[in-house]
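The values are calculated or read from the model by the stated rules, or taken from the named source; none is laboratory data. This is a predicted model, so every value here is computed, not measured. Cβ placement follows ideal geometry from the backbone for every residue including glycine, while neighbour counts extend to all protein chains displayed.
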């Protein structure tokens with residue numbers, strides 16, 4: 001079981017483009033069209049399966065929002081930060 005990060009740890013470790021919203025870290029990615037966003041969401045899904053740490057993904061017309069949290073721990077852990085960094089690497 002991973003340990004929850006403190007508020008200071010979360011703030012100092014948040015990858016570029018990510019923000020904290022309660023017990024989640026969140027980022028929206030913008031795309032030129034809908035299918036480009038769907039393809040990105042699929043890549044994130046494949047990454048999540050490989051790492052066995054799954055986000056909430058919301059696909060809009062030209063935007064995809066990704067949310068990570070560690071449900072079993074009840075908040076944000078190193079696993080969430082690592083997944084956010086890996087997700088950024090896809091772009």
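Brief remarks on what is shown
- Against the criterion of being in contact (Cβ under 8 Å) with a residue 40 or more places away in the chain, exposed (fewer than 14 other Cβ atoms within 10 Å of the Cβ) and out of contact with any strand residue (DSSP E or B) (no Cβ under 6 Å at 6 or more places or on another chain), residue 16 qualifies.
- Scanning the stretch 21-53 for residues that are surrounded by 14 or more Cβ atoms within 10 Å (Cβ to Cβ), in contact with a helix residue (DSSP H, G or I) (Cβ under 8 Å, 6 or more places away or on another chain) and either at pLDDT below 95 or within 14 Å of residue 85 (Cα to Cα) (or both) yields a total of 7.
- Contact map, the stretch 64-87: residues that are on the phi > 0 side of the Ramachandran plot and surrounded by fewer than 16 Cβ atoms within 10 Å (Cβ to Cβ) paired with residues that are at pLDDT 95 or above and part of a helix (DSSP H, G or I), Cβ distance under 7 Å, separation 6+ or inter-chain. No pairs are found.
- Picking from residues in the stretch 75-91 that are assigned to a loop (DSSP other than H, G, I, E, B) and modelled with pLDDT of 95 or more, the one that is nearest to residue 28 (Cα to Cα) is 90.
- Residues located in the stretch 12-71, provided they are assigned to a helix (DSSP H, G or I) and over 13 Å from residue 90 (Cα atoms): 12, 13, 34, 35, 38, 49, 50, 51
- Within the stretch 1-11, considering residues that are free of Cβ contacts under 8 Å to residues at least 40 places away in the same chain and part of a helix (DSSP H, G or I), the one farthest from residue 66 (Cα to Cα): 8
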